[in-house]
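Bear in mind these aren't lab numbers, they're just calculated from the coordinates by the rules spelled out. The model shown is predicted, which means the values in this text are computed figures rather than measured ones. FYI the Cβ positions are ideal-geometry reconstructions off the backbone, even for glycines, and counts take in every protein chain you see.
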């Protein structure tokens, strides 16, 4: 996942890092979300930036929600946790769907 930073209210952006799939090695793909901790939590200091997203292999055989942390404003990242693993990356919008993929992480404290 590419990480960009703006210091002028969003007028311009600088690419500062990439969050690579250091756990599985097959790639972070979809729906990244960033969250800055407003207070110390779980051994991480206030101001830590968390990134949650989907790591999915090229054959789409599984969906994996992963969590990374940065304590330097997004310049460097470390793998923190495999949050959950689901079935193949197949999307079925029907209310009768039986797929077991997991999507769209969200972070809130």
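Details
- Those residues of segment 88-106 which are exposed (fewer than 14 other Cβ atoms within 10 Å of the Cβ), more than 13 Å from the chain's Cα centre (by Cα) and touching a residue at least 24 places away in the same chain (Cβ under 8 Å), in sequence order: 90
- Residue tally, condition surrounded by 13 or more Cβ atoms within 10 Å (Cβ to Cβ), over 10 Å from the mean Cα position of the chain (by Cα) and more than 12 Å from residue 24 (Cα to Cα), over segment 61-75: 4
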